[in-house]
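The values are calculated or read from the model by the stated rules, or taken from the named source; none is laboratory data. Given the structure is predicted, the values throughout are model-derived calculations rather than measurements. Positions of Cβ are generated from backbone atoms using ideal geometry, with glycine treated the same way; all protein chains shown enter the neighbour counts. Ligands, DNA and RNA are stripped out before the accessible areas are found, and what is left, the full protein with its side chains, is counted by its heavy atoms. Shrake-Rupley method; radii C 1.70, N 1.55, O 1.52, S 1.80 Å.
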Amino acid sequence: MKKTIRDIDIKGKRVLMRVDFNVPLDEKQNITDDTRIKSVLPTIKYAQNAPSKLILMSHLGRPKGSVNPQMSLGPCGERLSKLLGKDVKMLKDCVGSSVEEEVSKMKDGDVVLLENLRFHKEETKNDPQFAESLAKLGDVFINDAFGTCHRAHASTEGITKYLPSAMGFLVEKEIEYFDKVLNNPDKPVALILGGAKVSDKIAVIENMLKDIDFLLIGGAMAYTFLKSRLKGVGSSRVEEDKIETASEIFQKARDNNVSIFLPEDHVIAKAITPTARTRVVREHIPDGWIGLDIGPRTIKKFKNALKGAKTILWNGPVGYFEMKPFKRGTTDIAKFISRLDATTVIGGGDTAAAINALGLAKKMSHISTGGGASLEYLEGKELPGIKALQDK
Ligand code: AMP
């Protein structure tokens, strides 16, 4: 068991906390979804009330090691000030003497936000000197950035070599839900997978087949599975080099008594556009057409499979939900499971965005803030950002 913020003394200390403020911004740098900021408020408030001096650090986007004002954390600092009802001072950098000086002036209860860690290329390279420069700013390190725990970066892994380290309440909650689903789920368990790529999800399927009862596959990844069963998939997205793997998964599912549900009808179009003319077809997709959402029969079939489930884990939209003609499948499944008496755990990324956009977030048991991190956790991997924290 790893230490949590409750296990270390933070009173009066400088608490250096890694958060994940990698929020989506529009062209005018307005935050379009602040879920990630809100989800670390419990840890932030806990540290403030200790009281302690709280130094927050995060990355935003992929500035690739150079300063890019479009990817400044400024808008996050402003949003956090509003949410806390307290001034959050935005610093101009994340390391160096002027940052150290600002931090030395802090009083108990103060909160500062460092500038984007990835303005320095050393961050993603897990450079030890850079990690040590960051560590100078704190007396203790708290990691509450679940979304980046699968990366061994200076601010997630390297830094733990220099400071007492523990997790915040968000990381604690994330792993609690995923551990429950992996190790001790209420049965029956249904796993819904969708999204663009099969290759991203094979390891999850392989790790989870022994624990689940139903596997429902939608989204573009379904077409690789359907092609392996010799169905016509037209111009749908297929990963040719994964067709063999898909066949093997059918066999492994049989060995583990897992029922696989695949789409049996499809919403198809000739192009992926918001005004595309669509058709619904059963079974085979004609040449020149792309499968972009599960059809009404499949929705019904999926709902039937899900209605008795006690645990549902969902990663990846079942259609190209960003465009109206192809969002019905994802919307209907989301609404349906939100009403079930089951533990519903939603993997991060696009699925979380879809659920948030539908206003259903509060009706799910847990929505992960980490797309890649949640997939790696479900693959059974130990995440480097968590592994590096101190044991209890
Ligand atoms: P992933 O990151 O692999 O979970 O993929 C998410 C993306 O898959 C979303 O942007 C979806 O719009 C996209 N997606 C879902 N279904 C389809 C489909 N049938 N064809 C193409 N893209 C899809």
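Annotations
- Values of log10 I(q)/I(0) for the range 240-392 across q = 0.11, 0.16, 0.17 Å⁻¹ run -0.53, -1.07, -1.17, by the Debye formula with one identical scatterer at each alpha carbon and no solvent.
- The phi-based Karplus calculation (6.51 cos²θ - 1.76 cosθ + 1.60; θ = phi - 60°) puts the 3J(HN,Hα) values of the range 84-89 at 8, x, 8, 5, 10, 7 Hz, whole numbers, x for Gly and Pro.
- Sorting 5-16, 158-169, 271-282, 286-297 by their mean Cβ neighbour count within 10 Å, with the most densely packed peptide first, gives 158-169, 286-297, 5-16, 271-282.
- Residue-normalised accessible area of the chain, expressed per residue, 1.4 Å probe, Å²: 44
- Computed from the Cβ-Cβ distance with R0 of 22 Å, the FRET efficiency linking Val67 to Asn356 stands at 0.15.
- Rounded D (µm²/s) - the range 1-97, Kirkwood Rh over Cα pairs, Stokes-Einstein at 20 °C, 1.002 mPa s: 147
- Highest average first, the peptides 61-73, 138-150, 326-338 ordered by how many other beta carbon atoms sit within 10 Å of their residues are 138-150, 326-338, 61-73.
- Cα principal axis extents for the range 5-172, largest first, Å: 41, 36, 31
- Amide hydrogen neighbours beyond the local backbone of Leu216, cut-off 5 Å, H modeled: Leu191, Ile192, Leu193, Phe261
- Size estimate for the chain follows the Kirkwood approach: the inverse of mean 1/r over distinct Cα pairs works out to 22.2 Å.
- Amide H contacts of Asn126: Ala154, each under 5 Å away and 5 or more positions distant or on a separate chain (H built 1.01 Å from N in the peptide plane; Pro and chain starts excluded).
- What the phi angles of the range 151-168 give under the Karplus curve with 6.51, -1.76 and 1.60, with θ = phi - 60°, is a coupling list of 10, 8, 10, 4, 7, 10, 10, x, 4, 5, 6, 10, 9, x, 10, 8, 8, x Hz, glycine and proline written as x.
- Applying the Karplus relation 6.51 cos²θ - 1.76 cosθ + 1.60 with θ = phi - 60° to the range 100-106 yields 3J(HN,Hα) values of 4, 5, 4, 5, 5, 8, 5 Hz, where x marks Gly and Pro.
- Packing around the peptides 106-112, 95-101, taken as the average count of other Cβ atoms within 10 Å per residue, puts them in this order, highest first: 106-112, 95-101.
- Helical content of the chain, expressed as a calculated mean residue ellipticity at 222 nm, amounts to -9000 deg cm²/dmol (DSSP H runs of 4 or more residues, -39,500 (n - 2.57) each, divided by residue number, nearest 500).
- 10 Å beta-carbon shell around Ile142, net charge (K/R +1, D/E -1): +1
- Residues whose placed amide H lies under 5 Å from that of Arg237, excluding near-sequence neighbours: Gly291
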